[in-house]
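*Asks:* My structure is below; once you've seen it, I'll send some questions.
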Amino acid sequence: MRIFAIVGTPHNGNTRAITDLFLDEFRAGGAEIDELVLPRDFGETCLGCANCILHGEDKCPHYGKTAPIVERMEKADLIILSTPVFVGSCTGALKELLDHFAYMWLVHRPKEVMFGKTGLIITSAGGSGVKQTVKLLRSNMSFWGISSVHSYGVTTMKMNGNYADYKDKDKIKKQVRSAAGKVAKSVERRKVSFGTKFLFGIFKMSQKNGWNKTDSDYWKEKGWLDGMKPF
Ligand SMILES: Cc1cc2nc3c(=O)[nH]c(=O)nc-3n(C[C@H](O)[C@H](O)[C@H](O)COP(=O)(O)O)c2cc1C
């Protein structure tokens, strides 16, 4: 199994510790792990030009930096998004990266290779915000075409605490082991769900009279408007 882990914080804290628990489980099962740490490895803000959507992703002013990241995503069987909860959401650094991938949402130009991949969201919060953070990241992955998106979130009740000191750490380790097993199974299955197929069908209809030529040309070239499918 090839894993691409996007870690949305440079802080060596709870999120890092819990992400490492998962990565250790996967490594023990023979996984190859590639990792991107934000903002160290990507620190650009989307400038809102919409060139990616309207004229092609290669017209993004940051294409030189996003293209190699997308290649790394494409090679992975499992994509991990990991982040602490900051003001009820993911870190700004992670959101800034995700903004650069708007063009590959199902409504625009989804990538065939995304269908059948598995996603995993890892998050830690002090008190609240796990649910809405997972929801935001899940919607990104789902709209890239990924059907099986797992999540693991903890509420630490400690600001700047260290996971290793928590009374719940054994429980967390156990939960991580079980969750990692489920994730590994879904990587093997490469399932494309009815929900993903349904969404693809809806966006196919919208592309038949598409408002954005770059998108509708892409769907035509793929043969998706003539019955071919990416899954
Ligand atoms: C800028 C900032 C904003 C935060 N916002 C929230 C929040 O909205 N909800 C919450 O429950 N915890 C919040 N926290 C606490 C962190 O989510 C929590 O301590 C988390 O485990 C930190 O992860 P880390 O150790 O990986 O940095 C915030 C912490 C920081 C530094």
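*Asks:* Just checking, which of K131, K111, K135, K158 is at pLDDT below 95 and either of a type outside the set (A, V, I, L, M, F, W, C) or within 13 Å of L81 (Cβ to Cβ) (or both)?
*Replies:* The match here is K158.
*Asks:* A further question follows. Scan region 199-223 residue by residue and report those that are more than 23 Å from C60 (Cα to Cα) and either aromatic (F, W, Y) or in contact with a Pro (Cβ under 8 Å, 6 or more places away or on another chain) (or both).
*Replies:* Residues satisfying the conditions are F200, F203.
*Asks:* Sticking with this one: Within region 1-60, how many residues are more than 16 Å from the ligand (Cβ to nearest atom) and among the polar types (S, T, N, Q)?
*Replies:* 2
*Asks:* Collect the residues in region 124-162 that are in a helix (DSSP H, G or I), within 15 Å of the ligand (Cβ to nearest atom) and in contact with a strand residue (DSSP E or B) (Cβ under 8 Å, 6 or more places away or on another chain), keeping them in residue-number order.
*Replies:* V130, K131, Q132, T133, V134, L136, L137
*Asks:* Of all residues in region 61-84 being over 21 Å from V183 (Cβ atoms) and not in a helix (DSSP H, G or I), which is farthest from the ligand (Cβ to nearest atom)?
*Replies:* Selected residue: P61.
*Asks:* Go through the residues of region 103-123 one by one and say whether even a single one is more than 16 Å from the ligand (Cβ to nearest atom) and in contact with a Cys (Cβ under 8 Å, 6 or more places away or on another chain).
*Replies:* Yes; the residues of region 103-123 include at least one that is more than 16 Å from the ligand (Cβ to nearest atom) and in contact with a Cys (Cβ under 8 Å, 6 or more places away or on another chain).
*Asks:* Restricting to region 181-195, and then to whatever is under 13 Å from G29 (Cβ atoms) and touching a strand residue (DSSP E or B) at 6+ places or on another chain (Cβ under 8 Å), can you tell me which residue is surrounded by the fewest Cβ atoms within 10 Å (Cβ to Cβ)?
*Replies:* Per the criteria, the residue is K182.
*Asks:* Restricting to region 87-102, what's the tally of residues that are in a loop (DSSP other than H, G, I, E, B) and within 16 Å of the ligand (Cβ to nearest atom)?
*Replies:* Total meeting the criteria: 4.
*Asks:* Going residue by residue through region 166-180, is there one that turns out to be surrounded by 20 or more Cβ atoms within 10 Å (Cβ to Cβ) and part of a strand (DSSP E or B)?
*Replies:* No, because not a single residue in region 166-180 is surrounded by 20 or more Cβ atoms within 10 Å (Cβ to Cβ) and part of a strand (DSSP E or B).
Yes/no per residue for (1) surrounded by 17 or more Cβ atoms within 10 Å (Cβ to Cβ); (2) within 23 Å of M104 (Cα to Cα):
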{"site": "G116", "(1), (2)": "yes, yes"}
{"site": "T123", "(1), (2)": "yes, no"}
{"site": "K131", "(1), (2)": "no, no"}
{"site": "S139", "(1), (2)": "no, yes"}
{"site": "F143", "(1), (2)": "yes, yes"}
{"site": "K204", "(1), (2)": "no, yes"}
{"site": "F231", "(1), (2)": "no, yes"}
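*Asks:* List the residue pairs whose Cβ atoms are under 6 Å apart, where the first residue sits in region 77-97 and is on the phi < 0 side of the Ramachandran plot and touching a residue at least 60 places away in the same chain (Cβ under 8 Å), the second is assigned to a strand (DSSP E or B) and among the charged types (D, E, K, R), and the two are 6 or more positions apart or on different chains.
*Replies:* Short answer, once both residue conditions are applied: D77/R2.
*Asks:* Could you say which residue among F101, F86, F26 is buried (at least 19 other Cβ atoms within 10 Å of the Cβ), aromatic (F, W, Y), closer than 29 Å to G127 by Cα and at pLDDT 95 or above?
*Replies:* F26
The values are calculated or read from the model by the stated rules, or taken from the named source; none is laboratory data. Bear in mind that the values here come from a model prediction, so they are computed numbers and not experimental data. So basically every Cβ, Gly included, is an ideal-geometry build from the backbone, and we count neighbours across all protein chains shown.
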